[in-house]
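Every number here is computed from the coordinates shown, using simple stated rules; none is lab data. Keep in mind that this is a model prediction, so the values were computed, not measured. For neighbour counting, all protein chains shown are included, and Cβ atoms are generated from backbone atoms with ideal geometry for every residue, glycine included.
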Amino acid sequence: MSKAAITGIHGYVPDYVLTNAELERMVDTNDEWITTRTGIKERHILKGEGMGSSHMGAKAVAGLLEKTNTKPEEVDLLICATTTPDYIFPCTANLISDMVGIRNVGGFDIQAACSGFLYALTVGTQFIESGKYRKVVVVGADKMSAITDYTDRTTCVLFGDGAGAVLLEPNDDGYGVLDSIIRSDGSGQQHLFQKAGGSRYPPSHETVEKRWHYVYQDGPSVFKFAVKNMADVSAEIMERNHLAGDDVAWLVPHQANKRIIDATANRMGINTNKVMMNIHKYGNTTAATIPLCLFDYESQLNKGDNLVLAAFGGGFTWGAAYVKWAY
Ligand code: UT7
């Protein structure tokens, strides 16, 4: 059975940079608190009327196709992980496909909050392994600024906007996504969610007044679950693939909080210089964090490197993947 190898990666963040200094002028916060509690210094924000996650996803996919010399008509499937779709329907994958000229193929969104990219990668991998498709594009795109309350200091300092995309192709030489684990626990839903806008609480004057269209997070509760589950699932995927800390070239963690990342690396026995980190410049971009890490570190990756991807997010959802880098 062929494995699904990542054969290209591209990322995109919008131009506008929201710094900790600017946030200090918006809410009662300070650079010292944000930096020591989260590791974030700045984040990119998508400005402009009528611009959604698809805008950033399309930029990432267009760059990916160009880089990998892939024509839109060669793509068999496009999957988009997003928590901030342009619309409730149609799905953002369709919008991205249209923007880059991919037509007449399947496309759908996956909603698994901050674990979305890991989930989408796992799903995309199945289509390659089964032999059904040969070129699958997996995108993570989120415009978190669209659902961030910039009067709430407990959440507005955390999030940023961005997108990243990978191309998956069959590989018979032992490279690619060799294993993955996806998990969820719905009992954690009330700790991190957007209360209104869906079918349970459709938009109304009341939902807007109550600010229910923004991200709500009980930070300390999420922190506790994230530290435990991201570390546990990373240790589990290493154990079942007989990987020791020294065998892992890179940990590629979801970028929600530097302290969660450090705890995961510590549990895996991985030195901090082998941990991909870009939270300081992008903040938490939800489904885009992992592909943006791979994009930023692409030049430092070598064929055969063992990567462990790990994420935790709202839902709760979490997971890990073991990837042998293919180029
Ligand atoms: O990506 C999906 C999964 N999400 C995560 O993994 C996020 C997990 N949670 C976290 O990363 C952390 O809980 C936060 C970074 C969100 C918060 O850090 P914390 O160390 O858990 O702080 P806290 O919420 O316990 O707040 C400590 C204090 C509080 O003040 P009091 O009650 O002690 O007086 C907060 O009101 O810090 C205060 N605070 C702030 N102060 C300055 C909260 N936000 C801010 C702020 N600036 N922006």
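In straight-distance terms, cross-link reach from residue 67 covers every one of the lysines whose alpha-carbon lies under 27 Å from its own, apart from those fewer than eight places away in the same chain; here that gives 3, 47, 59, 132, 135, 143, 274, 281, 303, 324.
For a Förster distance of 30 Å, can you work out the FRET efficiency between the beta-carbons of residue 51 and residue 30, rounded to the nearest 0.05? Efficiency, rounded to the nearest 0.05: 0.50. For the stretch 3-176, the average shadow cast by the Cα convex hull is 10.9 nm², which is a quarter of the hull's surface.
What FRET efficiency would be calculated for the residue pair residue 71, residue 273, taking the C-beta separation as r and a Förster radius of 25 Å, to the nearest 0.05? Don't skip to the answer; put the middle values down first.
Values: r = 39 Å, r/R0 = 1.56.
In this case the efficiency is close to 0.05.
For the stretch 171-195 and the stretch 83-115, what is the separation of their C-alpha centers, rounded to whole Å? A separation of 18 Å, based on Cα centres.
The relative contact order of the chain comes to 26 percent, based on Cα pairs under 8 Å that sit 6 or more residues apart. Charging the Cβ of each Asp and Glu at -1 and of each Lys and Arg at +1, and nothing else, the dipole of the chain about its Cα centre rounds to 240 debye. Of the residues 85, 99, 65, the one whose Cα sits farthest toward the positive end of the charge dipole of the stretch 48-129, with +1 on the Cβ of Lys and Arg and -1 on the Cβ of Asp and Glu, is 65. For the stretch 89-201, the residue among 113, 147, 180 whose Cα projects farthest onto the positive side of the dipole built from Cβ charges is 147.
For the chain, the equivalent ellipsoid derived from the Cα gyration tensor has semi-axes of 29, 24, 18 Å, listed largest first. Bridge orientation summary for the chain: considering DSSP beta bridges with both residues in this region, about 70 percent are antiparallel.
Model label points for residue 300 and residue 132, set 7 angstrom from Cα along the Cα-to-Cβ axis, are 3.7 nm apart.
Report the charge-dipole magnitude of the stretch 3-176 in Debye, nearest 20, computed about the Cα centre from +1 at each Lys and Arg Cβ and -1 at each Asp and Glu Cβ.
Details: 15 positive and 23 negative charges, 61 e Å.
I would put it at about 300 debye.
The GNM of the chain, with springs linking C-alpha atoms under 10 angstrom apart, assigns the highest mean-square fluctuation among 59, 135, 67 to 67. Springs join every pair of Cα atoms under 10 Å in this Gaussian network model of the chain, and among 180, 145, 299 the largest mean-square fluctuation is at 299. Of the GluC sites (Glu not before Pro) found in the stretch 21-109, the ones in coil according to DSSP and having at most 12 other Cβ atoms within 10 Å of their Cβ are 49. In the chain, taking the dipole from charged Cβ atoms about the Cα centre, the farthest positive-side position among 261, 227, 280 is held by 227. If you average 1/r over every pair of different alpha-carbon atoms in the stretch 205-327 and take one over that average, what Kirkwood value in Å do you get? Every distinct Cα pair counted, the radius reaches 15.2 Å.
When the helix-only estimate is applied to the chain (DSSP H runs of n ≥ 4, each -39,500 (n - 2.57), divided by the residue count), what is the mean residue ellipticity at 222 nm, nearest 500 deg cm²/dmol? Mind showing how you got there, number by number?
Details: 11 runs with 107 residues, N = 327.
Value at 222 nm, helices only, nearest 500: -9500 deg cm²/dmol.
Of the residues 79, 96, 128, the one that moves most in a GNM of the chain with alpha-carbon contacts below 10 Å is 128.
Pulled fully out, how much extra length does the chain show between residue 228 and residue 1, if you take 0.36 nm times their separation in residues and subtract their Cα-Cα distance? Walk me through the intermediate numbers first.
On the way: separation 227, 0.36 × 227 = 81.72 nm, distance 3.37 nm.
Result: 78.3 nm gained on full extension.
Charged side chains reduced to their Cβ positions (Lys and Arg at +1, Asp and Glu at -1) give the stretch 217-265 a dipole of some 220 debye around its Cα centre. Classification of the stretch 1-54 by its C-alpha gyration tensor yields an oblate form. The axis ratio a/c (a ≥ b ≥ c) is 1.5 or more, and b/c is at least a/b. Here each label is just a point 7 Å from Cα along the line to Cβ, and for residue 204 and residue 185 those points are 3.3 nm apart. With the simple model of a label 7 Å out from the Cα in the direction of the Cβ, residue 266 to residue 213 spans 4.1 nm.
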